[in-house]
Protein chains: 4
Amino acid sequence: MTRFNDWRDQVFDIIYKTDTKAGKAFDVLLILSILLSVGAVMLDSIERINVRHGYWLTGVEWFFTIVFTIEYVTRIWVNPRPFKYIFSFYGLVDLLSIVPTYLALMIPGTNEFLVIRLLRVLRIFRVLRLSTYIHQANFLLSALNASRQKITVFLFFVLTLATIFGAVMYVIEGPDNGFTSIPKSIYWAIVTMTTVGYGDISPHTSIGQAIASVVMIMGYSIIAVPTGIFTAELANTLRGEKALELKCSGCGLRD
Amino acid sequence: MTRFNDWRDQVFDIIYKTDTKAGKAFDVLLILSILLSVGAVMLDSIERINVRHGYWLTGVEWFFTIVFTIEYVTRIWVNPRPFKYIFSFYGLVDLLSIVPTYLALMIPGTNEFLVIRLLRVLRIFRVLRLSTYIHQANFLLSALNASRQKITVFLFFVLTLATIFGAVMYVIEGPDNGFTSIPKSIYWAIVTMTTVGYGDISPHTSIGQAIASVVMIMGYSIIAVPTGIFTAELANTLRGEKALELKCSGCGLRD
Amino acid sequence: MTRFNDWRDQVFDIIYKTDTKAGKAFDVLLILSILLSVGAVMLDSIERINVRHGYWLTGVEWFFTIVFTIEYVTRIWVNPRPFKYIFSFYGLVDLLSIVPTYLALMIPGTNEFLVIRLLRVLRIFRVLRLSTYIHQANFLLSALNASRQKITVFLFFVLTLATIFGAVMYVIEGPDNGFTSIPKSIYWAIVTMTTVGYGDISPHTSIGQAIASVVMIMGYSIIAVPTGIFTAELANTLRGEKALELKCSGCGLRD
Amino acid sequence: MTRFNDWRDQVFDIIYKTDTKAGKAFDVLLILSILLSVGAVMLDSIERINVRHGYWLTGVEWFFTIVFTIEYVTRIWVNPRPFKYIFSFYGLVDLLSIVPTYLALMIPGTNEFLVIRLLRVLRIFRVLRLSTYIHQANFLLSALNASRQKITVFLFFVLTLATIFGAVMYVIEGPDNGFTSIPKSIYWAIVTMTTVGYGDISPHTSIGQAIASVVMIMGYSIIAVPTGIFTAELANTLRGEKALELKCSGCGLRD
């Protein structure tokens, strides 16, 4: 029995950790499988390829679904706290990565859900969580976290501006120029303020173009705000980290 | 009489402040009402929905107009300085939020003004002014204020560039390629410099495309200027705040 | 004779300086005249307005041309070193602001040059040079100057990338998809890298779209470079200015 | 024999170095030749010009190919370690700059490869490597290098977002609105997140436009991340450099 538990522990180390050679190999293999299966799902959605190679791609899909099913079951089996895993974020992603294929087989008309399998890409993050990149990601996240409130204020401000300018343009340009409703005008305002500018809706009247110019210059300028917030916070975090490495004996000065 | 004044004070606290439980509940209810009524105005502008559910949406609109009217009257009534409120920014926004509905009923042909009701979104800011986000907003505003002059110089510079490049493109591309007048060419220059790029007007001649490339690279590069200004100011403000927390006994140095 | 010189000195102070009341009034009047005359030139280029109000606008144009001519002659006359003024940047701008109107009268077929009058907007800068905004502008210019070399390196790098990616797309997409020549493909690459994205030329093949995605993400990321350069320099200049206000007696430390 | 070696050393100094007068002249001549030959390749790709001046441009091309061939052979000949040069990055670029012209002559149907000659622009970098701009470029590269890991994390995050939002839009909008396959939808997501916004594919349904708005605001905000990373690193490097110039006798503090 102990021997069996030993074996289970070893599998746990391979699947969940990266400090052994086998663990690292497993991670590399897993990332490759994820990328290949995601690639297969993508190719399958291209009609030209689907028609010609659909049969072959279905085979690939089933192969990876079975592999991921075995992996999922093993993860539950070797985990000392299986329920915590099942209901964790990554546990649900793992489940959603395999369920749609079975569903599409059993219940006809659920092909639409097959796209859910693309959530597999999120699984890569679990593997990366264990890698050296995690430190950098944490760094960015802590700066983002520090600027969370400021960015919320900013986004709320942007949405209010978009609502007001959208309503103004709805009145000025009107349905004849593509501004068929207030929500659509707000959509236009967001397209313009973020400097995306599809051009599917664009002002045609002179006053509309003048107001659009104001919206554009506004959007172009206020992009400075999130950038400024994040940069200032990041510079702060970065300086804090560096300061810890220095030691100033003469005074208590840190910055 | 004192009892009545007490009651009025209590209503004042609920409506204007947030430190009581009832005051907080009122704020949440107010934000919900604002969002719902704004949503109704938006949906009403979509023709497909208007045709089918217009009757129902009119009811919703009247319900909220009456609610906001009662609120407006109460605000005036409980305020010790009612005129100061009426002519304040938020007092005018409150009035503009309800007047259009009555106007449209009494004077036919004023339906166009109904869109003014969307100014209701601005009312959310009053509620937020009392929340924890206000500190962050003030922070951003103080950085913006510090960089106000620099950004004015920048905007003036951008508009001058847009005017000159607009005029140049008007001569080079001409009315046949969509550059029908100098104001329209300036509109194009702004669309291009802000990197929005609708594509409703775009250069067709080789020289025009070459100059457009210069305008684009210019716009792409000078976005650095507002960002730089704001970031530097924000970093400064942020550092100032942090520095106050540190105390350097040895010297009077703060930065 | 001295009295005459006194009078000339007084006119010089009014036109060239801003520290007297009359000097300030003159500046405000000049800016208004410039804006009005520029507005008239712009309106005149709109065909609909030209047809209807052309006669009236020509009158406005002649009025301002004569006013600016008198101003130009006076500037030369009261200046102790007239030739230095005539061949200075602003002297040439002043001349170019009035010459086209006379030219169009005397030599037929020079109407195209009338657009040169828009250079009048540059005259506003002379007036601003004397105002409080000049300090802020100098501040920005000194930061821009400090980052000049770095931005040159960056622009050269961007142009090289645009050339190579333009050539690649020319081969992949080919003339059938709008990439009719290498210069046009380079134009597309610049439109894409600067995130303008008109959509007048866009990739149609799968490989083309994949490479376009790389170009976009590249352009989206490297905008960080000019911003970073300018921000860092500006923060440096800003800090330098603040540091001068602090005095640290204990040590020679400035930063 | 020594005299011959002396002569070879002198040629080496002229071609590979810039500290002699002849070396600088050679560099200027080389950059001019590169720019002219690149210009010729570009002009040759414009059909209108090709038809009219093709014969003349072929002559120019052959002239520069022969010049560059002589230069390439000389570079090998005077280099004390010829193989190191041949297989270096610039050695391969030099070879690729001349081979396509010969290939197109000898093997018919290889005209497509003629575009490879545009790699000549890369040769300019070798010359610049020896110039004063190299210090600035190194500066930028060291900041980029320091932020390499953070930017990798960021790019991976952006690609994951693009995949998920692309898949969502593929389901919502469907092939009828231009989202014909998942890869194409991902292409749309990248076009939108990077704020390029061609408009060749754009959402038509209300839900699609709502999600697109989220994608745009996300893209508009997260551009702050690479900018912030790079700016913070650059500011750090810049400060480090400045700090070295200051000497603080009282303490070992550097930052």
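Step through the table entries C:184/D:21; A:150/B:24; B:184/C:21; C:24/C:84, compare each Cα-Cα distance with 28 Å, and write down the pairs that go over it.
C:184/D:21; B:184/C:21
Compute the accessible area of each residue in segment D:190-208 twice, once for its chain alone and once with every protein chain present, using a 1.4 Å probe on heavy atoms, and list those whose area falls by at least 40 Å².
At a threshold of 40 Å² (probe 1.4 Å), the residues of segment D:190-208 that become less exposed are D:190, D:194, D:195, D:196, D:197, D:198.
Take segment A:194-236, compute every pairwise Cα distance, and split them into 5 Å bins from 0; I just need the percent in each bin.
Once binned at 5 Å, the Cα pair distances of segment A:194-236 give 5, 19, 20, 18, 12, 9, 7, 5, 2, 0.
Can you work out the FRET efficiency for the pair residue D:152 and residue C:86, with r the C-beta to C-beta distance and R0 = 45 Å, to the nearest 0.05? If you can, show how the numbers build up before the last one.
Values: r = 58 Å, r/R0 = 1.30.
That gives a FRET efficiency of 0.15.
What does the C-alpha gyration tensor say about the overall shape of the protein assembly as shown? Classify as rounded when a/c is under 1.5, otherwise prolate if a/b is larger than b/c, or oblate.
rounded
Can you sort A:184, A:24 by 1.4 Å-probe accessible area, starting with the largest? Provide the component values of the computation, followed by the final result.
Details: A:184 55, A:24 125 Å².
Largest accessible area first, the list is A:24, A:184.
Excluding residues on the same chain fewer than 8 positions from residue D:17, give the aspartates and glutamates whose Cα lies under 15 Å from its Cα.
Candidates past the 8-residue exclusion: D:9, D:27, D:71.
Under the √(5λ) rule applied to the eigenvalues of the Cα gyration tensor, what semi-axes describe the equivalent ellipsoid of segment C:167-207? Give them in Å, descending.
The three semi-axes for segment C:167-207 are 15, 11, 9 Å.
Using the Kirkwood formula on the Cα atoms of segment D:47-184, what hydrodynamic radius do you get, in angstrom to one decimal?
Radius from the Kirkwood sum: 19.8 Å.
What is the Cα convex hull volume of segment A:39-106 when expressed per residue in Å³? Display every interim value, and only then the final one.
Values: hull volume 6.0 nm³, N = 68.
Taking only Cα atoms, segment A:39-106 has a hull volume of 88 Å³ per residue.
Find the accessible area per residue for the protein assembly as shown; the probe is 1.4 Å, ligands and nucleic acids are left out, and the unit is Å². If you can, show how the numbers build up before the last one.
Working: 50940 Å² over 1020 residues.
Value returned for the protein assembly as shown: 50 Å² of accessible area per residue.
Given contacts defined as C-alpha pairs under 8 Å and at least six residues apart, what's the relative contact order of segment A:1-71, whole-number percent?
Numbers: 29 pairs, mean separation 12.4, N = 71.
Across segment A:1-71, relative contact order equals 17 percent.
In nm, give the distance between the simple-model label positions of residue B:210 and residue A:177, each being 7 Å from the Cα along the Cα-to-Cβ direction.
In this crude label model, residue B:210 to residue A:177 measures out at 3.4 nm.
Apply the Debye scattering formula to segment D:1-71, with a single equal point scatterer on each alpha-carbon and no solvent, then give log10 I(q)/I(0) at q = 0.22 Å⁻¹.
-0.92
In nm, to one decimal, how far is the residue B:96 label point from the residue C:66 one, both placed 7 Å along Cα→Cβ?
For residue B:96 paired with residue C:66, the spin-label model returns 4.4 nm.
Using just the helices of the protein assembly as shown, give the 222 nm mean residue ellipticity in deg cm²/dmol: DSSP H runs with n ≥ 4 each add -39,500 (n - 2.57), and the total is spread over all residues, rounded to 500. If you can, show how the numbers build up before the last one.
Working: 44 runs with 776 residues, N = 1020.
That calculation yields -25500 deg cm²/dmol at 222 nm.
Provide the FRET efficiency to the nearest 0.05 for the residue A:77-residue B:5 pair, computing r from the beta carbons and using R0 = 56 Å.
0.20
Provide the buried accessible surface between chains C and B in square angstrom, both chains summed, 1.4 Å probe, rounded to the nearest 100. Could the numbers behind the result be given before it?
Values: alone 17110 and 17060 Å², together 29850 Å².
Answer for the C-B pair: about 4300 Å² buried.
With Rg and the Kirkwood Rh both taken from Cα atoms, where does Rg over Rh land for chain C?
My calculation puts Rg/Rh at 1.11.
Determine the share of segment D:147-240's accessible area contributed by carbon and sulfur atoms, expressed in whole percent, with a 1.4 angstrom probe.
Roughly 69 percent, rounded to a whole number.
State which helices in chain D qualify, where a helix is a whole DSSP H run, it must extend 30 Å or more along its own axis by its Cα atoms, and its mean Kyte-Doolittle hydropathy must be at least 0.5.
Within chain D the helices that satisfy the rule are D:21-45, D:148-173.
Residues in segment C:60-87 near a label at residue C:20, defined as backbone nitrogen under 20 Å from the 7 Å Cα→Cβ point?
Once the point is set 7 Å along Cα→Cβ of residue C:20, C:70-82 turn out to lie under 20 Å by backbone N, inside segment C:60-87.
Over every pair of different alpha-carbon atoms in segment C:117-233, take the mean of 1/r and invert it; report that Kirkwood radius in Å.
16.6
Just to confirm the filter: which chymotrypsin sites (Phe, Trp or Tyr not before Pro) across segment D:4-96 are DSSP coil and have at most 14 other Cβ within 10 angstrom of their Cβ?
On the way: sites: D:4, D:7, D:12, D:16, D:26, D:55, D:56, D:62, D:63, D:64, D:68, D:72, D:77, D:83, D:85, D:87, D:89, D:90; in loops: D:87.
In loop regions of segment D:4-96 (DSSP not H, G, I, E or B), the sparsely surrounded chymotrypsin sites (Phe, Trp or Tyr not before Pro) are D:87.
Can you give me the relative contact order of chain C as a percent, contacts being Cα pairs under 8 Å and 6 or more apart?
Working: 193 pairs, mean separation 33.0, N = 255.
Taking the mean separation of contacting Cα pairs over the length of chain C, I get 13 percent.
The values are calculated or read from the model by the stated rules, or taken from the named source; none is laboratory data. From a predicted model like this one, the values you see are computed outputs, not experimental measurements. Every residue, glycine among them, receives a Cβ derived from its backbone with ideal geometry; neighbour counts consider all protein chains shown. Areas reflect the complete protein model, heavy atoms only, side chains present, ligands, DNA and RNA absent. Shrake-Rupley method; radii C 1.70, N 1.55, O 1.52, S 1.80 Å.
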